[in-house]
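Rule-based calculations on the coordinates, nothing more; no lab input. Model, not experiment: these values are computed from the prediction. Here the Cβ is made from the backbone with ideal geometry for all residues, glycine too, and neighbour counts use every protein chain on show.
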Amino acid sequence: MTTSHDPQLLKGVLSMVLLHLLAERESYGYEVAQRLQAAGFADVLEGTVYPALTRLEREGRLATRLVPSPSGPARKYYRLTPAGRDALAGARQAWSRHVAGVEAVLARPLPPPEEKEDN
């Protein structure tokens, strides 16, 4: 099932999702994008993934290594650093608190709709 994601919500969780995917296993950029799409984020394009990976690397949350490819240029593989694992753990806790808060609000009963008077 392909669904569209709110860009603002996605912006807030993309790093956490990328860190989790890379905690599962080291991957190169295109593979990360494919895994993200397979996880239900079909509307997330490579043009969004690569800058996010670069930012996470710059922040010290990812490390990279170049691996020769038999079908073209070397591939840059990404893997979590200890700081990346810490960031993922913190993001998961924050996400859980956020989801719990949203669910608590959405679970509240709504008053019945008011009937409009004809004037």
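Miscellaneous remarks
- Taken together, the residues in segment 27-55 that are crowded, with 18+ Cβ neighbours inside 10 Å, in a loop (DSSP other than H, G, I, E, B) and not β-branched (Val, Ile, Thr) amount to 1.
- Among (1) among the hydroxyl-bearing types (Ser, Thr, Tyr); (2) under 17 Å from the mean Cα position of the chain (by Cα); (3) closer than 15 Å to Leu21 by Cα - the single one Thr48 does not satisfy: (3)
- The lone criterion from (1) touching a His at 6+ places or on another chain (Cβ under 8 Å); (2) exposed (fewer than 11 other Cβ atoms within 10 Å of the Cβ) left unmet by Arg58 is number (1).
- Test: residue in segment 62-82 that is touching a residue at least 60 places away in the same chain (Cβ under 8 Å), within 20 Å of the chain's Cα centre (by Cα) and surrounded by 12 or more Cβ atoms within 10 Å (Cβ to Cβ): yes
- Selected residue (criterion: nearest to Met16 (Cα to Cα)) from residues of segment 85-119 that are assigned to a loop (DSSP other than H, G, I, E, B) and of a type in the set (D, E, K, R): Arg108
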